[in-house]
């Protein structure tokens, strides 16, 4: 009877120990599942955080260059409006050439103080010779007569007072230099409201095009392209359309994203498997100073109604992908270490459980 009672106690103890053992392993597996879930969540969070910080840095870097380039339109527009209102300019247009010396002195000083401007041109609409005041490559200011094509004049004479025609970047039509320029032109009226001529301010864009060309860093390319994808500024000048007759194009080089970027996207960053694209739109004909380009109406408030440029940074994702891979590897190593430790603890507990149960069984037998 005592032997039977001892066996019952032994069986009851074994059942309790079995329950504890299985409960322990269930909790151990649950702990591993929670740990794995936490690790995968941390991986996702850390990777997203790193990508976000990296993109923010690229975005901030692009914004600094964008703000610098986008300061041009309003400043040049106000300058051409101011110059067109000078008494000497109006006297030259309406009263003959007696003011050439004064104009030469005043405008030469203006050009010397504003090195972004290449030339000032006063064109008459009565087929009389106008006036060019131009800075040469060596910095010398020269005075010459001006003549313009009828097409160019027609774009400016249809403007109302205090309105400015702004051209797209183009080859210089006033001189035969073949360099890229940007024209700001406004009509000149007398006090009676009669049109007498046009004042044209020729902007030398090399200073901001060079900023774009030199802005790239290892693993990054920075371009200024027009709405058709032609390169206006490229660190590889041999790809710029003025040198290659549009042989190279952003659409061809980056076909997977070019349509979205060039079609006025509401995004500022696009990520692909291999690259990160950060971009900004620049429209010289829009500014808070009522400066417009003729495009069928006197108002150019809609960016799609006028020409625009796109400032684009293309960064290689290789470095980012290496960091993301490192984050994943580090977390996986940690998870593997935790799994190994957990399995070791489980094996130790199982070994102890196996020895104890065998001992109890042998004593109960």
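Laboratory data are not the source of any read-out in this text; all were calculated from the coordinates shown. This structure is a prediction, so every number in the text was calculated from the model and none was measured. Cβ: placed from backbone, ideal geometry, glycine included. Neighbour counts: every protein chain shown.
Measuring from label point to label point, each 7 Å out along Cα→Cβ, what is the residue 340 to residue 12 span in nm?
Once both label points are built, they end up 4.5 nm from each other.
Obtain the nm distance between the two label points defined at residue 210 and residue 91 by a simple spin-label model: each point lies 7 Å from its Cα along the Cα-to-C-beta direction.
Label at residue 210, label at residue 91, 3.7 nm between them.
Pull out the extension gain between residue 191 and residue 352, defined as 0.36 nm times the separation in residues minus the alpha carbon to alpha carbon distance; nm, one decimal. Walk me through the intermediate numbers first.
Numbers: separation 161, 0.36 × 161 = 57.96 nm, distance 10.79 nm.
In short, 47.2 nm is gained.
Apply 1/(1 + (r/R0)^6) to the Cβ-Cβ distance of residue 20 and residue 271, taking R0 = 56 Å, and write down the FRET efficiency to the nearest 0.05. Could the numbers behind the result be given before it?
Details: r = 52 Å, r/R0 = 0.93.
So the FRET efficiency works out to roughly 0.60.
Test of understanding: what is the full-extension gain from residue 236 to residue 63, defined as 0.36 nm times their sequence separation minus their Cα-Cα distance?
Details: separation 173, 0.36 × 173 = 62.28 nm, distance 2.22 nm.
Stretched fully, the residue 236-residue 63 segment lengthens by 60.1 nm.
Which FRET efficiency, nearest 0.05, do residue 160 and residue 128 yield, Cβ-Cβ r, R0 25 Å? Working shown, then result.
Values: r = 24 Å, r/R0 = 0.94.
For R0 = 25 Å, the calculated efficiency reads 0.60.
Compute the Kirkwood hydrodynamic radius of the range 187-239, taking the inverse of the mean of 1/r over all pairs of distinct Cα atoms, and give it in Å to one decimal. All intermediate terms of the calculation are to be shown ahead of the outcome.
Details: mean 1/r = 0.0716 Å⁻¹.
It works out to 14.0 Å.
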